[in-house]
Amino acid sequence: MRGTTPVGSIRFVSKRIYKADILSQGGEFALFNVAETLDSNDFDAIPDKLAQLEDVLQKYSRGSFCLAEKKILRWLLKNMTGDDAKAERVRRFRLTWHVLEVVFTRIDPFSLAELLADLRFVALLQQVLRDISASPESGAAARDGGEDVEMTDAPVQEAANPRKRKRPKSSPFDLSTQKTVGSRLQTAEAVFKALKTLLFCCDAEKHASPDLQMGARHIKSLFWLSAADVLSILSPLLRMCDLAASRPDIQSFSEQSTWISTLAAVWDLHIRRESDITDVVTHISAPALTLLGKLTGSDPLGIDTITRERWAVELRRFVVRNLILPSKAAFVNRKSQDAIELVVEASKVSGTQAFPVLFELASKSYVSNMAGKRDHDAWVQAVFDAIVRACPLNGFQNEMQPTIERMVETAAENSVSLSISSLQSVCREFALWDEKHWGLLLSLIKLDPDVFLISDEGQRLQEEVLEITRDPKALGSKDADRAASFIVLLAKGYANARDLSSFLKLWFRYLATGSDDSESLWARQELSRTVASVIERSLRSTQLEEIMAWLSEQTAPFSATARVHIVGAISAGLCTEELVDAANMKTMDGLLFGTSEELSPDASALRWDIAEKALARATLSEAGQIWAKIKPDVEKLLRKVSFRNVDVFPAFRCCVAVWLANHPGGPDEEQAASLVCSYVEKLGDAKDKKSKICASKYAYVGWILFMGQRLLSLLVEKTGAIPKLISSAITEGLDVAPLLKNENNVNKPALMNSLIGLVISMIESFSSGDDSRLAKAALEFLLQVPREALGRDHREAIMTRLISQMRKAKGAKSVPGREFWRPALSLMIKVMEMPTFYEGMTFGHLEDVGRCLLKMQEEHGQSEGISERLDDFLLLARLATHCVREMTSGTIGEREKMYLADAAALLQSPAQDSEMVLCLTLQSAFLTVFAASSVTKQLQNSGAIIKSVQDSVISQASAVLERYQVDGLVLVAALGALSRLDRKPVQDKLSHIGPSLLEKSQYHFKKGFPEIGWEIRTFVAKYLPQTLASPLEISFSVGVHGNEVSGDFDITIVLRYVDAVVGDADEETKLGYLESLLKSRDDNAFALSRLVVIHRLLQHIKESRPATTGAFDLAEAESILCLRLAKTETSQEFIVMAKCINLLLDQHAPSMTQWNIDLTLDKVGTTCYDTLNAPVKPRGWEKMYDSLCQIVGSIIRHHRIRLNDHFALLISALQSLLNSLLSRPQAATEKWVAPARSFARLLTLVCEPTDASVARSQAAGGGLDSEKAKAKEYAGQFMYLVLMEYIKLRLEHLVSQEVVEALQPGVYSVLDITPRGVLMVMNDAMDRGGRAFFKEFYKQYQRFGRWSGI
């Protein structure tokens, strides 16, 4: 009996306790016995006592009373109290906190609060945290701590001297061991877990009875302390988090990811006062910012990735709410900088990590519409200035320079406005101190180019920086690239300031130095492209004329090269007609054509590009003027082929531009055309040099084919044939398919005829055993040629050559692989789809093609699957279909009669086993076309032909199906041939082999050929349905791995099987199938493949049974799917199941009941909550989220009447969806823009109901307009709750501007229907921050969101 056993009879003797005897007793009795042994004075036995307590507590659940647990708690807290070493050892021991964690859950909240308060638990907690967060005092302990990284004790190393006594293994209860880093982290983990459990116990909402809720509030009151007292708990906890993150190796704990959230939860219980910010700054600002800097950095840490990401998010939220926002509020409201000054001063020691984080959080603290942009900019400026003042100078600038650079980069990324004077000061003190820091200079100019443009100081800084760019050799490669980027950004700054002319003069000054322009930073292409891109918006025509005149006046030494570079950029930027008229011809001035003055190689080539662009924009008379200037140089350069002269290739392009400008009929057309044609002819005979090549022969070929636009067609038109340069490149295997993307080429018949004829001739280069690369390239090109470009002669030539090559290959020793035959068959299909009668066309040619395929598969297809081999014969079937249709689509003449007679004779002859698949494929294709053609009735024996071929198909196919073992390809071909015949003759012939076909299906499933297995079952379901007793109650584990369809498994095969099963079934049978699938107790009942089948089956169901008692209907099906939705294991399963639910709600709305709507909305909210709080977020959640939005949207559209008096469920679902959207870290990225639009659409559906949804829900006697008004008015009574949730989440979480903009239409629609009185009530219900946000947000709504009727 309980209570009568003499508990004192069990004595604890040192470390010898009979654990098995105690555990063999009842749980509560055993716990009493162990608790009675705790009064022993043997201190060294405490570890064993705690181990026994842990075992008993874990083995047995809570009993009817908690007397033993109370005794244990008192004993533990008493032994932890004191300043002596023994109490410290108990406090540091991790088992102490493990036992406390369990005991917390077993004592009722009221008693637990009383005990913790009496025994000063909070003080003990503060003391143990001070102990474990303090560094070890002895150097030995520190060394041990550096090595003790494991959860268990390190093994004892063998002594070097065997005569020496071995050091005993240290105990976890030993104080020196407890002071190691590993032991301190183990204790911290145990403390965090115990605190988390205690916080769970003080949550009043988790308890049902009022007494328990009162006790929970009493527990919560233990932490109702001042900010300084609570921070004395948080500060050591934060140091332990930093210690864990600073470990050299990753050492994870079970609950480590919740450390920061537990810390934040403790802080939320303190007494809030306005002076909290001072305590936060004093105690935890520096360690919090330093830790956050480590978490957001790139250096490896001692925590895993998931923990790192979660800590970063939660610590960022904690710092923003308790440090950044209060400091900002004090600055904005009282103009006080005391808080931020204290933060900066406290973080100075670890400024390299803390300062960038502090500035980033401050710059991102701006919440749209919450405060004025001016106040935010002033706040960020104050933070920036405080940090810069705190950075040490006097020679230490180089150490702080990366910190300042990160801050400036953050400001640039967030588009933060900082004062020009402060940025110039930073540039002078940090970027230009001692040595030039190009990273910081680049960040400064990215943030604000005016730093180097405005005021005398800015000009001095610009001059000092640009002076370094004169000698690029003095810079390293990385700094040289940064310096070049600096110059580019400087050009953009001048352009934004509408002073591009000044930059062009500056560019000229630094480029006209006489140095090699190939190395100059001012001669890089990026700078020229940037200047060209801003010419149109930065210069007026008068300014452009002035700068061109200024350039022409510059005659200083080395000015010609600089002038060419600048004019090249201007020429590339002339886009508008006004600018072209002002400067196009002036770009040709000073380019030194026809003079002896030398330019650098790059500048010399660039002037030809300028001339080419000028010709493209010039009128005919202006083109004549340009040609007169460049003609002597062009004739000289194109006199002979040269691959080494840098001017030859651009001069050739310039000559082509002259030809194009004068075509057709221009005065200079003949001269330019003869020069171009002559040079192209010379290129065809020339040979590339192997060294010092500026432009190879293939550079000309590539430019003519792909960049020369109309040149190739002009060459063919001029010479009557494709030039040798181009034809030789094509026959050597050059890919010319991109030519077809230019309509100018496709629309030139002469060019296309020559090109197609050349490519067709390449097919003859293929013969058995030779490399088929050229033939394959020819086939690929012809496949891309538009159909209208293939004339009848081309089509006949293609078929003649392909058939000839295949007939040769049939008798050859080897044939090419599938990479040749697939394009060849595809091309033949493309050709035969158009009227084509090639010479000697017979049905036997198809047989020859099929035998080539069989030979190819025999040589190359041993390792390939059935599907690959089957696809080959499907192509053959398509080819045969088009060939037979060609002979049966018009008048039946002698040619057609001979063709069809030959076909009938070949198809009626018996086939060998090796050619069975070929015979069945051709027979099936022939019957499909011949039987459907109306022209074949002109033949006297057409019926006999059809009958004989059908009999041959049935005979050969049945023989294949009756064999015990048969090749899978032949089996599928037989099934395919039979599938094209009428059902009755097939059933009469094969009715007896249904069971054997099912055995063959199962055999192929087991062998790993699910495609064949499903094809057999589909055939049986269509022709022999009586063989399948329960057609859909089959196992889907074959072909599916881990509830996922394998990559080589085509699920459409299963869908075809479902179509065959239910295609002719009535509605009752379909509902029976659905019931058996949903109520199946199979392990794969809700696997992905089964869900796909259920979705397909639902698509076939048109109507449900009438609502009768006990009968399965679609409403019950929807309930089953909803209850299972949250239990899916993968995102794919979730999405397919959601599609099933959405289909039922959308297409079967009359079959749904009120229960279905309520259940569905509840499950949507539950799913959002579960995924949001899951430790591991599911992959593909954004698609899952969109599926949930579609479900809710279907309810709003089709079931609006059922929301009356149940609108609270819809509000709850919308709040859950919004919380799941904005509470995730991904909401700060553009990835969630699409989900945000989906949710905004839901809000607009509620607030702006469609006519269809109102028409379904309107009562008799009301019009659409009145019903829509009633629906809006009703929704307006509830939707403000969603708006309040939106405001709360915006204040708590960082949300990207893109997501905010995507949500705005929906949120504005809520404001449209919310009455003014409700808005006032909502405003009163929010805190000060929420009201401030809502005030600014409502102003924006009135300006941009409200419809004004205009």
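The values are calculated or read from the model by the stated rules, or taken from the named source; none is laboratory data. Bear in mind that the values here come from a model prediction, so they are computed numbers and not experimental data. Every residue, glycine as well, gets a Cβ built from its backbone with ideal geometry; the counts of neighbours run over all protein chains shown. Just the protein is used for accessible areas: all its heavy atoms, side chains included, with ligands, DNA and RNA removed. Shrake-Rupley method; radii C 1.70, N 1.55, O 1.52, S 1.80 Å.
Between residues in the range 1118-1134 that are assigned to a loop (DSSP other than H, G, I, E, B) and residues that are open to solvent by 30 Å² or more (accessible area, probe 1.4 Å) and acidic (D, E), which pairs lie under 9 Å by C-beta distance while being six or more apart or on different chains?
Note: pairs meeting the criteria are A1126/D1170; T1130/E1044.
Going through the range 1256-1288 one residue at a time, which ones are open to solvent by less than 50 Å² (accessible area, probe 1.4 Å) and either hydrophobic (A, V, I, L, M, F, W, C) or modelled with pLDDT under 65 (or both)?
Within the range 1256-1288, S1257, G1262, G1263, A1271, A1275, M1279, V1282, L1283, M1284, I1287 meet the criteria.
List pairs: first in the range 89-101 and under 13 Å from L53 (Cβ atoms), second open to solvent by 10 Å² or more (accessible area, probe 1.4 Å) and of a type in the set (V, I, T), Cβ under 8 Å, 6+ apart or cross-chain?
Within 8 Å, the pairs are E101/T197.
Looking at the range 1143-1168, which of its residues are open to solvent by 20 Å² or more (accessible area, probe 1.4 Å), assigned to a helix (DSSP H, G or I) and within 16 Å of L1123 (Cβ to Cβ)?
W1155, D1158, D1162, K1163, T1166
Scan the range 217-241 and report the pairs whose first residue is open to solvent by 40 Å² or more (accessible area, probe 1.4 Å) and whose second residue is acidic (D, E) and outside any helix (DSSP H, G or I), with Cβ atoms within less than 9 Å and a gap of 6+ or a chain change.
K220/D203
Could you tell me which residue of the range 761-775 is modelled with the lowest pLDDT, considering only residues that are outside any loop (DSSP other than H, G, I, E, B) and surrounded by fewer than 20 Cβ atoms within 10 Å (Cβ to Cβ)?
R773
Could you count how many residues in the range 951-975 are farther than 17 Å from A911 by Cα and buried (at least 16 other Cβ atoms within 10 Å of the Cβ)?
Count: 1.
Checking the condition closer than 30 Å to A657 by Cα and either open to solvent by less than 40 Å² (accessible area, probe 1.4 Å) or in contact with an Asp or Glu (Cβ under 7 Å, 6 or more places away or on another chain) (or both), which residue from A721, A809, A737, A778 passes?
Residue meeting the stated conditions: A737.
Within the range 634-650, track down each residue that is among the charged types (D, E, K, R) and open to solvent by 30 Å² or more (accessible area, probe 1.4 Å).
E635, K636, R639, K640, R644
So P910 fits all but one of (1) without any contact (Cβ under 8 Å) to a residue 40 or more places away in the chain; (2) open to solvent by 20 Å² or more (accessible area, probe 1.4 Å); (3) of a type outside the set (A, V, I, L, M); (4) within 20 Å of E962 (Cα to Cα); what number is the exception?
(1)
What are the residues in the range 561-579 that are open to solvent by 10 Å² or more (accessible area, probe 1.4 Å), more than 18 Å from R537 (Cα to Cα) and not charged (D, E, K, R), if any?
Once the filter is applied, which keeps residues that are open to solvent by 10 Å² or more (accessible area, probe 1.4 Å), more than 18 Å from R537 (Cα to Cα) and not charged (D, E, K, R), the range 561-579 yields T561, H565.
Any residue in the range 1298-1315 that is surrounded by fewer than 17 Cβ atoms within 10 Å (Cβ to Cβ), assigned to a loop (DSSP other than H, G, I, E, B) and among the acidic types (D, E)?
no
When you look at F558, is it more than 25 Å from R607 (Cα to Cα) and of a type in the set (F, W, Y), yes or no?
Taking the combined requirement at face value, the residue does not satisfy it.
For (1) assigned to a helix (DSSP H, G or I); (2) in contact (Cβ under 8 Å) with a residue 24 or more places away in the chain; (3) within 20 Å of E553 (Cα to Cα), each residue gets a yes or a no:
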residue: L466; (1), (2), (3): yes, yes, no
residue: D479; (1), (2), (3): yes, yes, no
residue: A484; (1), (2), (3): yes, yes, no
residue: R498; (1), (2), (3): no, yes, no
residue: R509; (1), (2), (3): yes, no, yes
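Would the range 651-661 turn up any residue that is open to solvent by less than 20 Å² (accessible area, probe 1.4 Å), touching a Leu at 6+ places or on another chain (Cβ under 9 Å) and under 12 Å from L591 (Cβ atoms)?
Looking through the range 651-661, at least one residue is open to solvent by less than 20 Å² (accessible area, probe 1.4 Å), touching a Leu at 6+ places or on another chain (Cβ under 9 Å) and under 12 Å from L591 (Cβ atoms).
Any residue that is under 24 Å from V534 (Cα atoms), within 43 Å of the chain's Cα centre (by Cα), open to solvent by 10 Å² or more (accessible area, probe 1.4 Å) and modelled with pLDDT of 90 or more - is there at least one of those in the range 459-479?
No; the residues of the range 459-479 include none that is under 24 Å from V534 (Cα atoms), within 43 Å of the chain's Cα centre (by Cα), open to solvent by 10 Å² or more (accessible area, probe 1.4 Å) and modelled with pLDDT of 90 or more.
Might you check whether a residue that is over 14 Å from V357 (Cβ atoms), open to solvent by less than 20 Å² (accessible area, probe 1.4 Å) and part of a helix (DSSP H, G or I) occurs anywhere in the range 288-306?
No - not one qualifying residue is present in the range 288-306.
Could you check the range 55-77 and list, in sequence order, the residues that are part of a helix (DSSP H, G or I), open to solvent by 40 Å² or more (accessible area, probe 1.4 Å) and either farther than 16 Å from E114 by Cβ or modelled with pLDDT under 75 (or both)?
D55, Q58, K59
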